[in-house]
Amino acid sequence: MRDDRGGTEAEDGPAQTARGNTDDAVGVLSGVVPAGASGPRDVPLHEGDRFLIGRPSRFRTPPAGPGVFLSLGPGVRRSVPAVALVLAVARSAVHLRAGHGAVDLLVDGVVPPPGGLRLAGPAHDVVVDPAGVPRTLAVRLFATAPALEPPPASGTTCLPVLSVSGDRLLPMAVALAWPAVTDVARPSADGWSLPQIVARHRELWGIDPVDPRHTLFRLREILAGAQSVDGRPMAVIEDVQPWPWTERVEDTPYLDKESFMAAKNRITAGYFAAAGQVRPLLVELLERRRAH
């Protein structure tokens, strides 16, 4: 995403972001001053946007990755960093973390954790420098579908044809997809982080997987290289999922590698569950475990 600090904006109307319109906005950020504006504007939030928010300066802001710079406006104390906040927009939430340097923040009246936090709808207040010269921002999120929606229902042309085998790939596919399979007993660990998936593998198979990180990577490769039921490569079908997988967390709406990896695991699990291969084996394993 390019840095739009050099652009201009009309004095009235909504601020221009990287997308430039409000048609597909998932929310609005209020209380910030875009480049070229004389005062605060409502800035539409679009999935994938990344904003750098901080003290106005004649100098270029410190490195904080790509993004659109938004000012907190005049009168901000010099102790507030040039990039006080980094705001990344997902489909139904925003990810907020402190930017470069030390900054005092309150989010809905509470000091946020050092690693940042995820804000879902509908509305949140963010106060920068609350004990000095406070600047209050408002994040409003519209009613949207949950982030990382499950894949299309069985029988649609966007459903992938997936079949895996072997003593690593198939057991891991079952453990990965378990929380996404409907009408079965729930696992003790139903999240999407690597430790949670390993725990499910142990719960199903009684052993830890060998090289689980690489095995999950192989499952994602198989999914990205699969064909849909109508013969089209999944990688070329628009609006299915973000193929190919990006390599840099900076190019995503996620705050860190762990949340980005969990998102990829959840997407992959949904497709493997919908494709149908893992369900019969999972049901058999759970029935066998219940019988004992």
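Worth a mention:
- Length released on extending from Arg290 to Asp24, taking residue separation times 0.36 nm less the Cα-Cα span: 91.0 nm
- Pairwise label distance in nanometres, Arg186 with Arg91, each label 7 Å out on the Cα-Cβ vector: 2.1 nm
Bear in mind that the values in this text are calculations on the coordinates, not laboratory data. Quantities reported herein were computed from a predicted structural model and do not represent experimental measurements. Please note: Cβ atoms are built from the backbone with ideal geometry, for glycine as well, and neighbour counts cover all protein chains shown.
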